[in-house]
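The values are calculated or read from the model by the stated rules, or taken from the named source; none is laboratory data. What you see is a predicted model, and the numbers here were worked out from it, not measured in a lab. Because the Cβ atoms are built from the backbone with ideal geometry, glycine has one as well, and the counts that use them run over all protein chains shown. Each accessible area value is taken on the protein alone, full model and side chains, heavy atoms only, with ligands, DNA and RNA left out. Shrake-Rupley method; radii C 1.70, N 1.55, O 1.52, S 1.80 Å.
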Number of protein chains: 2
Amino acid sequence: MVPRVIFGQGSFDQLGEILLPKRRNSDAPFIFLVDDFFENREFAQRIPLMFNDELIFVSAEEEPKTEQVDILVSRIKERYEEQPSGIVGIGGGTLLDLAKAVAILLNNNGLAQEYQGWDLVSKPSLYHVGIPTISGTGAEVSRTTVLLGPEKKLGINSDYTTYDQVVLDPDLTKTVPKEQWFYTGMDCFIHCIESLNGTYLNAFSESYGEKALELCKDVFLEDIPEDESRDKLMMASWHGGMSIAYSQVGIAHAMSYGLSYLLGIKHGIGNCLVFQHLDEFYPKGVELFQKMLEKHKIDLPKEVCAHLTQNDFDILVNVALGMEALWENALGKEWKKIMTPERLQAIYQKI
Amino acid sequence: MVPRVIFGQGSFDQLGEILLPKRRNSDAPFIFLVDDFFENREFAQRIPLMFNDELIFVSAEEEPKTEQVDILVSRIKERYEEQPSGIVGIGGGTLLDLAKAVAILLNNNGLAQEYQGWDLVSKPSLYHVGIPTISGTGAEVSRTTVLLGPEKKLGINSDYTTYDQVVLDPDLTKTVPKEQWFYTGMDCFIHCIESLNGTYLNAFSESYGEKALELCKDVFLEDIPEDESRDKLMMASWHGGMSIAYSQVGIAHAMSYGLSYLLGIKHGIGNCLVFQHLDEFYPKGVELFQKMLEKHKIDLPKEVCAHLTQNDFDILVNVALGMEALWENALGKEWKKIMTPERLQAIYQKI
């Protein structure tokens, strides 16, 4: 779990003060990895740079990659004689995951892909701070950083992945475009449905998942003031992330991983594309999801898998079925009997 | 926040494995501070002692005191040449608060009373693990350790107070006597009512407080299976503690502090004694509380303040009104105009 968190509209302005005692000396910079959406925007001026701190704008157009982590780490190592004082990730799930991975790799030798898996990180990561500017992924609270590697899309799941400090300032999500707001929020909603309907569920995850689900319903189905809605979605993301940290996601996430891997489809929209066709597994969840789509007039892309070859479907199916823990959580120990490659391909063909 | 937590029936058996990598060497013991309720009980055999580890049974009959902390710290320092590997607190709020304070004072010079207040601790505490055996206080998750000092009852509130690791095993609460179960659970319920009705409330605390309150209602007003009830009350305590960590408690806690200070009344029952008379401030909360009292056939002690002198009442009132943040949270910035010493004494006289 994240040991330090501050919450509140405007709390971002406390960042300078938070980082100050963590500065080892004036040659040990803070590296800020920031979504390039904010380049040339007023917000970028509020980032509290000091000494030789560096601000690196990163595109979040694509899912974060192991190679991208390795390049960032090399660049930082080459540029500074001293180890940085820390890494600050500012953005959505992509930026937050990248910053977590960079902080790990700055203190652990080798390539990012070597650490994809469970508890493969042996040394504590560099001090790192996460600041979400879009709500839903739960990346700000989770103990994983999901990366697209040369062979797989898989998280670096470890105790050292988790942020040392998180700043939750709902005002930072004001500028999120509507569709992205929806898709990323649905990432949280789908987390909750998967976690609450999973066989791994326990009272810890359940209590977080239920609260996150309730907040998602308030945000996406009720008419509440905008600032309250931003507050609530930020807390939904937080609790949703906590819920899956101690249980697991399920079918939508497993299948969405395939779409990301083969087609580069971003996680949030990928989850939505899959989830709409999972009514036989999550009937109530899909019903709510349809209501949310209607209320916010969201048209999901169609025929995404219409022109794929059999070889493409084989890749999708293999990547998805490779996420064994997710399937076991969703369907129980006998999941292989329930979800055959044929059945899975048939669902992909609807997308 | 607590950086590491495990949850689940039977999870206590993982404690040995959790402590192993934290053992600096075989001369640096773990000191287990355990509620003496468990002395000569089977549970004590399950505590994973190794090398020169020490198990100290401590009575939880009285509220924890600064002097008690100082004595424990001196004893440990005299007995071992090496600094211990860590402190493990096992018990209810008293034991959990004691263990937190001992871990702080083993790494910070001076007396416990010097650290009562906000952020007075300058050095990280010794590694410390908290294991609740009764649910409700939230001491397992909070950043304070409330101690009765020579001059005041006040918390050592700091980032270093929080446990490094918590083990939430609902099975450990099986042996709690019914009245204690009720009074300690009500500590959580009253936290929630105070936090949710406070002026300091924000969306972060609100989401935790609402979940904790919902779980309390399930536990104390519904008829659910015993194991589910233990799970839920343990999570209620956790979320309730998180809620007040980022907001504040209110009138019942301020007044209960007075009762503890003057009469040595334990925190849980003290809260109940006060709360029953707070219907003008928390009408819905007190109504629910009365239903819970009835359902569980709890008779609160009567005439507790019947034979006090005016001097005694002055002490009660002064201690309670000294908790300024609690009153401001409950009644707003103008609280002094609302809660006069006379009005407060009149409430104490009902108890």
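Before moving on, here are some points about what is shown:
- Against chain A, whose longest principal axis comes from its Cα atoms, helix A:178-196 is set at around 70 degrees.
- Taking the chain by itself as reference, region A:198-227 contains these residues with an accessible-area loss of 50 Å² or more in the full protein complex (1.4 Å probe, heavy atoms): A:A203, A:F204, A:S207, A:Y208, A:K211.
- Inter-copy separations for A:P124, label at 7 Å along Cα-Cβ, nm, ascending: 0.4
- Considering only A:Q68, A:Q290, A:Q113, the mean-square fluctuation computed in a Gaussian network model of chain A, springs between alpha carbons under 10 angstrom, is largest for A:Q290.
- Over all projection directions, the Cα-based convex hull of region B:4-173 averages an area of 8.9 nm².
- Take each peptide in A:19-26, B:315-322, A:155-162, B:8-15, count the other Cβ atoms within 10 Å of every residue, and average; sorted highest first, the result is A:155-162, B:315-322, B:8-15, A:19-26.
- Counting Lys and Arg as +1 and Asp and Glu as -1 over every other residue whose Cβ lies under 13 Å from the Cβ of B:K100, the net charge comes to -3.
- Relative to the other identical copies, B:D312 shows label-point distances of 8.3 nm, where the label point lies 7 Å from Cα along the Cβ direction and values run shortest first.
- Helical runs (DSSP H, four residues minimum) scored at -39500 (n - 2.57) apiece and divided by the length of the protein assembly as shown put the mean residue ellipticity at 222 nm at -14500 deg cm²/dmol.
- 1.4 Å probe, heavy atoms, protein only - residues of region A:1-18 losing at least 20 Å² accessible area vs chain alone: A:M1, A:P3, A:R4, A:V5, A:F7
- Counting only alpha carbon atoms, the long axis of helix B:251-263 and the longest principal axis of chain B meet at about 70°.
- When accessible surface is computed with a 1.4 Å probe, chains B and A are found to bury approximately 2100 Å² between them, both chains counted.
- Within a Gaussian network of chain A (alpha carbon springs, distance under 10 Å), most fluctuating of A:E114, A:E63, A:E210: A:E114
- Each residue of region A:154-168 is assigned a 3J(HN,Hα), and the resulting list reads 7, x, 8, 9, 7, 5, 8, 6, 3, 4, 7, 8, 10, 10, 9 Hz, derived from the Karplus form 6.51 cos²θ - 1.76 cosθ + 1.60 (θ = phi - 60°), x at Gly and Pro.
- Per residue, the accessible area of the protein assembly as shown comes to 40 Å², computed with a 1.4 Å probe over protein heavy atoms only.
- Between A:P341, A:P124, A:P177, the GNM of chain A built on Cα springs shorter than 10 angstrom shows A:P177 fluctuating the most.
- Cα-Cα pairs of region A:262-326 separated by more than 15 Å (percent): 62
- Expressed as a whole percent, the proportion of Cα-Cα pairs in the protein assembly as shown lying more than 48 Å apart is 18%.
- Cα Rg, Dmax, region A:178-348, angstrom units: 15.6, 48
- DSSP beta bridges in the protein assembly as shown [antiparallel fraction, %, rounded to 5]: 10
- Between 0 and 90°, nearest 10: helix A:93-105 axis offset from chain A longest Cα axis: 60
- Close amide H partners of A:G117, meaning residues 5 or more places away or on another chain with modelled amide H under 5 Å apart, are A:G155, A:I156, A:N157.
- Accessible-area composition of the protein assembly as shown, carbon plus sulfur, in percent [1.4 Å probe]: 47
- Cβ-defined net charge surrounding B:Q290, 13 Å radius [Lys, Arg +1; Asp, Glu -1]: 0
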